[in-house]
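The values are calculated or read from the model by the stated rules, or taken from the named source; none is laboratory data. Quick caveat: nothing in here was measured; it's all calculated off a predicted structure. We place every Cβ from the backbone using ideal geometry, glycine too, and count neighbours over all the protein chains shown. When the accessible area is computed, the model is the full protein with side chains, heavy atoms only, and any ligands, DNA or RNA have been set aside. Shrake-Rupley method; radii C 1.70, N 1.55, O 1.52, S 1.80 Å.
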Amino acid sequence: MPWFWAGTQHFAWALCLIVLVPGVLAWIFGFFAFRSKIKGVYFSIMTQALTYAGMLLFFRNETGFGGNNGFTGFTTLLGFNVTATGTRIGLFVATVLLLLLSLAAGFALARSKFGRVLTAVRDAENRLMFCGYDPKGFKLFVWTLSAILCGLAGALYVPQVGIINPSEMSPTNSIEAAIWVALGGRGTLIGPLLGAAIVNGAKSVFTVAFPEYWLFFLGLMFILVTLFLPRGVIGLLRRRKDD
């Protein structure tokens, strides 16, 4: 095993790596990106390019990440068989708890002064800087926090599906996540959750009935939502409630 896998047989150290590795990498990238005032579409392109480069690197067998096959053969977790019903239920419960805790933290941040500053960063960053705020620290904190949450989500995802390989870093997955947000409703916390449920439900149906048309349907869904539902499903529900 490569040196960087040393100690991962211990759950506590593995958990630290789950939090620290994505957090530190995100902080380093975000520090230089936000200091250089890279934002908007250029920031998106850079993150996609780096992710794609990482995917190509991990596909190489000599890097120690399993190459094309990735990692398989996950059998136990804390001494429990990962395929046992009780373990699978425990992982599902842990996933739901992480989701609820993430939503609670998101709502708490959004309703705080910090959240109002983030809203100002999104809507009028130049005006915010004119008021004396430095947006770099706020963006860096949220960017790093999101990376840590993604690391925790990935750690819960792998033992439930039993395999992980570099293809999970494909830009297609990032685009699909963006469609979740657009479909559910941008600028909300519940919207992306709703969009993820709708898209993955449709994916389950289409990949069984019409697997060759799924990506076309996904693209059509994104186009229709952008043209006719700019506020997503949440915006549609709010409009009907007001009416």
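Listed by first and then second residue, the pairs with beta-carbon distance under 6 Å, at least 6 apart or on different chains, first residue in the stretch 212-228 and under 13 Å from Ala178 (Cβ atoms), second assigned to a helix (DSSP H, G or I) and open to solvent by less than 100 Å² (accessible area, probe 1.4 Å), are Phe222/Ile179; Val225/Ala182; Val225/Leu183. Out of the residues in the stretch 15-44 that are of a type in the set (A, V, I, L, M) and at pLDDT below 90, which is most open to solvent (accessible area, probe 1.4 Å)? Checking each candidate, the answer is Val41.
Here Val205 meets each of (1) open to solvent by less than 50 Å² (accessible area, probe 1.4 Å); (2) under 30 Å from Phe74 (Cβ atoms); (3) not small (Gly, Ala, Ser) with one exception, condition (1).
Can you work out which of the residues in the stretch 100-154 that are under 19 Å from the mean Cα position of the chain (by Cα) and hydroxyl-bearing (Ser, Thr, Tyr) is surrounded by the most Cβ atoms within 10 Å (Cβ to Cβ)? By that ranking, first place goes to Thr144.
Name the pairs: first residue in the stretch 34-49 and farther than 13 Å from Ser174 by Cα and acidic (Asp, Glu), second residue open to solvent by less than 50 Å² (accessible area, probe 1.4 Å) and modelled with pLDDT under 90, Cβ to Cβ under 8 Å, at least 6 apart or on different chains? Every condition considered, no pair remains. Residue count for the stretch 46-80 satisfying the condition of being assigned to a helix (DSSP H, G or I) and open to solvent by 80 Å² or more (accessible area, probe 1.4 Å): 6. Residues of the stretch 122-150 that are at pLDDT 90 or above and aliphatic (A, V, I, L, M): Leu140, Val142, Leu145, Ala147, Ile148, Leu149. Condition (residue is aromatic (Phe, Trp, Tyr), open to solvent by 80 Å² or more (accessible area, probe 1.4 Å) and over 27 Å from Ala110 (Cβ atoms)) applied to the stretch 213-221: is it met by at least one residue? Looking for residues that are aromatic (Phe, Trp, Tyr), open to solvent by 80 Å² or more (accessible area, probe 1.4 Å) and over 27 Å from Ala110 (Cβ atoms), one finds at least one in the stretch 213-221, hence yes. Only a single item in (1) surrounded by 14 or more Cβ atoms within 10 Å (Cβ to Cβ); (2) out of contact with any Asp or Glu (no Cβ under 9 Å at 6 or more places or on another chain) is not met by Phe4, and it is number (1). Apart from one condition, Thr83 fits all of (1) of a type outside the set (A, V, I, L, M, F, W, C); (2) part of a helix (DSSP H, G or I); (3) open to solvent by 60 Å² or more (accessible area, probe 1.4 Å); the exception is (2).
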